[in-house]
1. At HIS427 and LEU21, where each label point lies 7 Å from the Cα along Cα→Cβ, what is the point-to-point distance in nanometres?
2. Compare the Cα positions of ILE126, SER94, ALA349 along the charge dipole of the chain (+1 at Cβ of Lys, Arg; -1 at Cβ of Asp, Glu; about the Cα centre) and return the one farthest towards the positive end.
3. Fewest first, what order do TYR235, TYR66 take by the number of other Cβ atoms within 10 Å?
4. ³J(HN,Hα) across the stretch 166-171 via Karplus (A = 6.51, B = -1.76, C = 1.60, θ = phi - 60°), whole Hz, x for Gly/Pro?
5. Be a star and scan the stretch 372-389 for residues whose amide nitrogen sits under 13 Å from the point 7 Å along the Cα-to-Cβ vector of ILE100.
6. With the cut-off at 31 Å, tell me which of the pairs LYS41/LYS109; LYS388/LYS428; LYS106/LYS388; LYS106/LYS250; LYS223/LYS247 have Cα atoms farther apart than that.
7. About its Cα centre, how strong a charge dipole does the chain have in debye, to the nearest 20, once Lys and Arg get +1 and Asp and Glu get -1 at the Cβ?
8. Which peptide among 423-430, 214-221 comes first, and what is the full order, when sorted by highest mean count of other Cβ atoms within 10 Å?
Amino acid sequence: MIEEGQSLFYISFFFLVLGLLIFYIRLRANEGVIITTKEFKQFQASYLTAVSAITLCELLASASFYHSLLFLGLHLNQIATLYVVSILASAIFSIVFDIIDIFTSKRDKLALSAILFAISMFSLFIGPHYEMLLFGRVIYGIAMALKDSTVEHYGGQEHSNRGFPEEWINQTFGYIPHCMTLMAALAGVLGQTSGSTGPLGCVGLACVLYVLVAFYIVSTWAKDTSTPRFALSTYVASLQRVLSTCKSQKSYMYYMIITACVESSILLFTFYWAPWMASLEPDSQHHVPFEIVFSCMIMASMFGNYLYQFLVGSQNSKMQFDQVLQGVFMASSCLFFFGGSAVYTPWFAFILALLIQVAIGFYWPSIGLLRAEIVPHELRMPTLSVNKMLTSIVTLLSLHYIVMHRSAFALLSICAVLNAVALYSHHKLIASAALEDAENENDENNTDPDL
């Protein structure tokens, strides 16, 4: 039953679902038809089902994170510490798994990550023992690192091993945003329904689903073979190349600054949206429907992603792409600053959060294109690893400052500054890239044998 004062959240949920459905139909109508085989369709269905289920579980876990820990009697600084612990654990173990891989199967590796997710969620039922909760968040971070290092690699490896054409691979990965959109809507319905059974109802649902996903992966995915490795020297050499590239190519250095700043602001807002909206609710009898709100935020991000595909597309010029990216940074900075200085009701905060998420939806495909342009292919993985660690450090320092001051204005102002730094860095990136292109052109002219 919808409580008094919650109608706006549910109405927004309905219109976002409707808008995304229209976008999906339009996008599908513009896509070409690819003839595939029955074997491929079976593989694709099992792969996308498992990936979608894991996404659903993650959304449920994130939506219920704040109010579940609040129910256990934790203070905001303790909740922030648990959030940071999971981020740092994910970053650290991502590096560990890049160096050491003891698994002989990516399928089993992903199934293990689902079990670890379930263990982490189950730790909330043991009781308000802070040490146990810390352990659970470390487990959550390990599971996240395992998942991030497995999902895409397994899909690509299986496509290659089975001899599927490259355009079929693109089709499979192209379906993932659509699956995420569907899971975001489903997470709102399931999360709010399970949450009505008790404060930890959504957590319990996520725990059960994670276990079911692990069994589904083991029973339906083909067992692959991977070679265990220990690649410390290779990883150190990659880091050295990252540092040398930062020194020699200004555009690469500015790219690193941009991603660290923007993605830190995303992590900060992903944590603080719930306590921010809860603090703006004057009547304690009417609480924010966290699961529905989070679902709307994720759908708004996907709405921005779809809107990007319509407005920008792949055929637009480099100048238009740069203008869109600068517009995203400027809009995000203004929205964050406005949210910290002029928002005093949860409804207004909710609308602003949706606009911020639309900007985030524009950011992800934009930064993907920028990464493909700036980052050499052989440095892609170490670049992502370094970026993840930088993002974790910035998030840790920012949350420490924010929790000390207990101020939404402080957090949103930091997010605004981070996006402003990204805007300035992108401006410098454009200038440095143009200079590097001019220098390369001069070098080619000087070495021209006809001169």
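Readers should treat all values here as calculations from the given coordinates under stated rules, not as data from a laboratory. Just so it is clear, the structure is predicted and the values come from calculations on it, not from any experiment. So basically every Cβ, Gly included, is an ideal-geometry build from the backbone, and we count neighbours across all protein chains shown.
1. 4.4 nm
2. ILE126
3. If I rank by nearby Cβ atoms, fewest first, I get TYR235, TYR66.
4. Calculated HN-Hα couplings, in order: 5, 5, 6, 4, 4, 5 Hz.
5. Zone members listed by number: none at all.
6. LYS106/LYS250; LYS223/LYS247
7. Dipole about the Cα centre, nearest 20: 840 debye.
8. The densest-packed peptide leads the list: 423-430, 214-221.
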